[in-house]
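S.K.: Pasting in a structure now, in C-alpha cells, and then I'll have a few things to ask.
The values are calculated or read from the model by the stated rules, or taken from the named source; none is laboratory data. None of the values given here were measured: they were computed from a predicted structure. In this analysis, Cβ positions are derived from the backbone assuming ideal geometry, glycine residues included, and neighbour counts consider all displayed protein chains.
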Amino acid sequence: MSPLGAFGTWESPLSAADVAAQRVSRYSLASDGTSLWWLEGRPSEGGRVVLVRSDGGDPVVVSPEGVSIRSRVHEYGGGAWCLLDGGAAFAYVDEPTQRVHAVGDGGDVALGQAPPEGERWRHGGLVTGPAGSVVAVRERHRDGAIERSVVRLDRGGRGAEATLCAGRDFYGALALSPGATHLAWVTWSHPDMPWDATELWVGDLDAGGNLSGEHRLGAGAFEGCSVDQPVWLEGGSLACLTDAGGWWQPWLLRPSEPPERLVALEAEFQGPSWALGQHTLVHVAPGVLGCIWRSEGVDHLGLLEEGGLREIAQPCVELGSLCVHGGGLALLGASATAPAGVWAISTVGAGTPARRVAGAAAPLEGADVSVAEPVAVAGEGGVVHALFYPPHRRDWHGPADEAPPLVVVAHGGPTAAADAGFDAMVQMFTTRGYAVAFVNYAGSSGYGQAYRSELWGRWGERDVDDCVAVARWLAGSGRVDGARMAIRGSSAGGLSALGALVRSDAFAAAVSWYGVSDLARLASSTHDFEAHYMDRLVGPLPESLRTYEQRSPVHRVADITGSVLLFQGEDDPVVPAEQTRAMAAALEARGVRCTVRYFAGESHGFRRAETLTACYDDELAFYEEVLVGPAIGAS
C-alpha cells in the first residue's frame, strides 16, 4: 500500500544539506578544441570559484591552489577568465584583488599595473587579445566616482597595458576578430540597462594592438534597441543578437550592407546580460551558426544554416554557455530530471546522442522528480506565464479530500526569468508534498521585448498582481489549497513576496532572501550599474517619491497580516542589510510575526553551504508551521 500523508509532511529523501550541496554552479564554458574548461562555484569551500578542465575524463582543478576566480565589474561580474595560447595558458580575475593574472610556463603572473593608492580597480569580460594579450573591461573606483574602459593587458613586460577605448558608462561583449585585426564591443550609458538600449561598435587594431577607426554598426536599424553578443564571421561580417524585431534574434551585418534578420521565430536567443560574457550564439563553420533559444519557458539548441534553423535533439530544457568543441558543440544544460552539467553534442547527422561530460549525480531518481508544467494565466494586466510543479514523490499521496499547500516563487531581477531545468530546491518542497509555482511575471525575459516592458512604471504592483493571479488560478482549479499559500523571493523577488502581503490576502506568509523592502532607500544606496534602473521600473526621482513609498513594504506594514521570514547577508552591496533591519523593526513594532536571520560574510546571493543549509532548514520549519500546521490541527 502506498504511504498516505498530509501534504507537506511526506518523508523526503532530500535534506536541506543535500540541497545546499547541489548549489554548485557551473558557468563560463570554453573549449581549446580538445579539452573543455569552465568555472565552478563551490558552496562546500565557502563559495570559492575554481577553474576546472576535462579532456573527456574526470574534471581536474587547474586554477592555483587557494585562488577564487570572480569578477566584480557591475557587481554581478562575468567573463572572469579566458584561454590563452590555444589552451596552453589562461588568464583569470583574482577575486580579492580584482587583478588579472596569467597562468602558463612563467607561473602565475599579475598583468597590468596595480591601482594607485586610493583607487580600486575591477576587471571582467576577459577575452584573448592580440599577440596573446588579454583584453578586458576595467572598472575604476576613485573619489566616489566610477569610470569604465576597455584595456589591453600585455604579458611580455610586467605592468604593460594600454587603454583601447573609454568615455562611455558601460562596456561589454568584447569580441576579437580572426587575425586580431578588429575588435567589436557593446557599449551603453545611463539611464539604460543593457537589455534596454546598447550600441555595437567596431575598431581597427594595428600591429601594436592599439585601436583606431572606431565606428558604430547598425546605427539606424538598431536605434533604441538592445544589441549584444557580436560574433565574427568570414569576410569581415558580424552576427549579433538584437531585439530590433521585438525579440532577441540573430542578425547579420555585412560590410556596406543594411542589417539582415536571420530568424523571424518569435523566441528569445539570449537572456538579459546581468553579467558579462553571455554566449548563446557561436560561429561553427562558414555559413553556420550555433544558437540557443527559449520558447514558452523551455530552451532549444540548433544550427542556423543556409536552409534555415535546424533544431538539434538533446535532453536539456535549460541551456547556456555555448561553445564550439571537437567538431561539434558543448554547453551547460539541465534536464527536467537531472541537475545542470557539461554536455558535448555532435552537430552532424540526426540521432547522435548528447554526451554528459561532467556534473553532479542526480540526488533523486527520475520517478521522484516533479517536472515543470508551463502554464499561462489571465491576469488583470494580460497573460501571465508560470512554471507549475505539482507535489510528487513516488508511491506517496495525500488525502483524497485535501489539496496541497502552495509555495509561489518570484524570481529576482526583476528582468530575469525562472528556468525549467532541475532545481533541487524545488524538489525539496515537492517531495514533501508542497506544490511550487515559479511566476514569470510581466517584465520577465524569454517572452519578447513587449512583455519585458510591461513592468515599466509598474514594479511593485504588476509583478505582485501577476503572482497573486497565478496562485488564485491554481487554487480555483483545485490544484492547490487556496487557504494555505505562501510566497518567496530573492532580491527583487523579495519585493514581490513582501508586496503580495500588502496588496492581497492571498498568502499566509512571505519569505524574502536579501530582498528589497524600501525602493527609495535602494535608489539612494544601490550600485552604479543599477543607479537608474528604477527610473524606468518605478519613475524618476524626486518627482516619483510618493510612488516609491507606496510600493515599499517597509512603509505598508499596517496592511500586512501574514507571517514573514527574512534572510540577509551582512556584506550585501546591492540590497544593504540596513533595508532588512528597517523592515524587521517595522514589522515587530506593528506586531506582525517576523523572523529574521543575518549572515556575516555573505553578500548578494548566498554562497556558503552552511548558510544555505541554515536557510533551507528555517524555511522548511516556517512552512510546516504556517502552512501545514493548520491542516494537521483541522484533521
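S.K.: Using the structure shown, decide if PRO13 is in contact (Cβ under 8 Å) with a residue 60 or more places away in the chain and over 18 Å from the mean Cα position of the chain (by Cα).
M.R.: On the way: in contact (Cβ under 8 Å) with a residue 60 or more places away in the chain: yes; over 18 Å from the mean Cα position of the chain (by Cα): yes.
So PRO13 passes the test.
S.K.: Separate question: If a residue must be surrounded by 17 or more Cβ atoms within 10 Å (Cβ to Cβ), closer than 17 Å to TRP121 by Cβ and not β-branched (Val, Ile, Thr), how many such residues does the stretch 142-161 contain?
M.R.: Adding up the residues that qualify gives 5.
S.K.: Can you tell me which residue among ARG488, ARG479 is surrounded by fewer than 24 Cβ atoms within 10 Å (Cβ to Cβ), in contact with a Phe, Trp or Tyr (Cβ under 8 Å, 6 or more places away or on another chain) and of a type outside the set (Val, Ile, Thr)? Break it down into steps so the answer makes sense when it comes.
M.R.: Numbers: ARG488 fails: surrounded by fewer than 24 Cβ atoms within 10 Å (Cβ to Cβ).
The unique qualifying residue is ARG479.
S.K.: Please go through the stretch 42-83 and pick out each residue that is among the hydroxyl-bearing types (Ser, Thr, Tyr) and part of a loop (DSSP other than H, G, I, E, B). Can you show your working first?
M.R.: As a first pass, look at the stretch 42-83 and keep what is among the hydroxyl-bearing types (Ser, Thr, Tyr): 44, 54, 63, 68, 71, 76.
Within the stretch 42-83, SER63, SER68, SER71, TYR76 qualify.
S.K.: Can you spot a residue in the stretch 341-353 that is of a type in the set (A, V, I, L, M), surrounded by fewer than 23 Cβ atoms within 10 Å (Cβ to Cβ) and at pLDDT below 90?
M.R.: yes
S.K.: Does LEU14 meet the test of being at pLDDT 90 or above, of a type in the set (A, V, I, L, M, F, W, C) and in a strand (DSSP E or B)?
M.R.: Answer is no for this residue.
S.K.: Being of a type outside the set (Val, Ile, Thr) and touching a Ser or Thr at 6+ places or on another chain (Cβ under 7 Å) is the filter here; which residues of the stretch 41-54 pass it? Before you say what the answer is, go through the steps one by one.
M.R.: The first filter runs over the stretch 41-54 and keeps only residues of a type outside the set (Val, Ile, Thr), leaving 41-48, 51, 53-54.
Answer for the stretch 41-54, where residues must be of a type outside the set (Val, Ile, Thr) and touching a Ser or Thr at 6+ places or on another chain (Cβ under 7 Å): GLY41, ARG48, LEU51, ARG53, SER54.
S.K.: If I filter the stretch 411-427 for residues that are in a helix (DSSP H, G or I), without any contact (Cβ under 8 Å) to a residue 40 or more places away in the chain and not small (Gly, Ala, Ser), do I get at least one hit? Give the steps one after another, and end with the answer.
M.R.: Pass one, the stretch 411-427, residues in a helix (DSSP H, G or I): 424-427.
Okay, now just the ones that are also without any contact (Cβ under 8 Å) to a residue 40 or more places away in the chain, so none.
For the stretch 411-427, residues in a helix (DSSP H, G or I), without any contact (Cβ under 8 Å) to a residue 40 or more places away in the chain and not small (Gly, Ala, Ser): absent.
S.K.: Checking the conditions here, which among SER563, SER603 is within 28 Å of ALA483 (Cα to Cα), touching a strand residue (DSSP E or B) at 6+ places or on another chain (Cβ under 7 Å), among the small types (Gly, Ala, Ser) and crowded, with 16+ Cβ neighbours inside 10 Å?
M.R.: Values: SER603 fails: within 28 Å of ALA483 (Cα to Cα).
Of the residues listed, the single one that is within 28 Å of ALA483 (Cα to Cα), touching a strand residue (DSSP E or B) at 6+ places or on another chain (Cβ under 7 Å), among the small types (Gly, Ala, Ser) and crowded, with 16+ Cβ neighbours inside 10 Å is SER563.
S.K.: Quick check on my filter: what residues within the stretch 55-64 are at pLDDT 95 or above and surrounded by fewer than 21 Cβ atoms within 10 Å (Cβ to Cβ)? Reasoning before the result, please.
M.R.: Step one: list which residues in the stretch 55-64 are at pLDDT 95 or above, which gives 60-64.
Matches in the stretch 55-64: VAL60, VAL61, VAL62, PRO64.
S.K.: Can you tell which of ARG294, ARG310 is buried (at least 19 other Cβ atoms within 10 Å of the Cβ), farther than 17 Å from ARG26 by Cβ and either touching a His at 6+ places or on another chain (Cβ under 8 Å) or not aromatic (Phe, Trp, Tyr) (or both)?
M.R.: Result: ARG294 is the single residue among ARG294, ARG310 that is buried (at least 19 other Cβ atoms within 10 Å of the Cβ), farther than 17 Å from ARG26 by Cβ and either touching a His at 6+ places or on another chain (Cβ under 8 Å) or not aromatic (Phe, Trp, Tyr) (or both).
S.K.: Within the stretch 614-622, is there a residue that is surrounded by fewer than 21 Cβ atoms within 10 Å (Cβ to Cβ), under 30 Å from ALA197 (Cα atoms), over 26 Å from the mean Cα position of the chain (by Cα) and of a type in the set (Gly, Ala, Ser)?
M.R.: No: the stretch 614-622 contains no residue that is surrounded by fewer than 21 Cβ atoms within 10 Å (Cβ to Cβ), under 30 Å from ALA197 (Cα atoms), over 26 Å from the mean Cα position of the chain (by Cα) and of a type in the set (Gly, Ala, Ser).
S.K.: Might you check whether a residue that is polar (S, T, N, Q), under 19 Å from VAL426 (Cα atoms) and in contact with a Phe, Trp or Tyr (Cβ under 7 Å, 6 or more places away or on another chain) occurs anywhere in the stretch 605-613? Explain how you work it out, then say what you get.
M.R.: First pass over the stretch 605-613, keeping only residues polar (S, T, N, Q): 611, 613.
Then keep just the ones that are under 19 Å from VAL426 (Cα atoms); that gives 611, 613.
Subsequent filtering for residues that are in contact with a Phe, Trp or Tyr (Cβ under 7 Å, 6 or more places away or on another chain) retains 611.
Yes, the stretch 605-613 contains a residue that is polar (S, T, N, Q), under 19 Å from VAL426 (Cα atoms) and in contact with a Phe, Trp or Tyr (Cβ under 7 Å, 6 or more places away or on another chain).
S.K.: Is it the case that SER28 is under 25 Å from the mean Cα position of the chain (by Cα), surrounded by 20 or more Cβ atoms within 10 Å (Cβ to Cβ) and either assigned to a loop (DSSP other than H, G, I, E, B) or without any contact (Cβ under 8 Å) to a residue 24 or more places away in the chain (or both)?
M.R.: Numbers: under 25 Å from the mean Cα position of the chain (by Cα): yes; surrounded by 20 or more Cβ atoms within 10 Å (Cβ to Cβ): yes; either assigned to a loop (DSSP other than H, G, I, E, B) or without any contact (Cβ under 8 Å) to a residue 24 or more places away in the chain (or both): no.
The answer is no for SER28.
S.K.: Right, here's the next one. Six or more apart or on different chains, Cβ under 8 Å: which pairs go from a residue in the stretch 321-344 that's among the aromatic types (Phe, Trp, Tyr) to one that's assigned to a strand (DSSP E or B)? Could you list them?
M.R.: Listed by first residue and then by second, the contacts come to TRP343/ALA330; TRP343/LEU331; TRP343/LEU332; TRP343/GLY333; TRP343/ARG355; TRP343/ARG356; TRP343/VAL357.
S.K.: If you don't mind, another one. Does ARG581 meet the test of being over 27 Å from ARG458 (Cβ atoms), modelled with pLDDT of 95 or more and not in a helix (DSSP H, G or I)?
M.R.: Working: over 27 Å from ARG458 (Cβ atoms): yes; modelled with pLDDT of 95 or more: yes; not in a helix (DSSP H, G or I): no.
In short, no.
S.K.: Does at least one position in the stretch 195-211 carry a residue that is modelled with pLDDT of 95 or more and among the small types (Gly, Ala, Ser)?
M.R.: Yes, the stretch 195-211 contains a residue that is modelled with pLDDT of 95 or more and among the small types (Gly, Ala, Ser).
S.K.: Could you grab me the full set of residues in the stretch 275-291 that are assigned to a loop (DSSP other than H, G, I, E, B) and either surrounded by fewer than 20 Cβ atoms within 10 Å (Cβ to Cβ) or without any contact (Cβ under 8 Å) to a residue 12 or more places away in the chain (or both)?
M.R.: Within the stretch 275-291, PRO286, GLY287 qualify.
S.K.: Restricting to the stretch 566-594, what's the tally of residues that are within 28 Å of the chain's Cα centre (by Cα) and either surrounded by fewer than 14 Cβ atoms within 10 Å (Cβ to Cβ) or among the hydroxyl-bearing types (Ser, Thr, Tyr) (or both)? It would help to see each step written out before you state the result.
M.R.: Residues of the stretch 566-594 that are within 28 Å of the chain's Cα centre (by Cα), as a first pass: 566-584.
Applying the additional criterion that residues be either surrounded by fewer than 14 Cβ atoms within 10 Å (Cβ to Cβ) or among the hydroxyl-bearing types (Ser, Thr, Tyr) (or both) yields 570-571, 573, 578, 580.
Result for the stretch 566-594: 5.
S.K.: Looking at GLY328, GLY287 in this structure, which one is farther than 27 Å from LEU126 by Cβ, at pLDDT 90 or above and not hydroxyl-bearing (Ser, Thr, Tyr)?
M.R.: Details: GLY328 fails: farther than 27 Å from LEU126 by Cβ.
When all the criteria are applied, what remains is GLY287.
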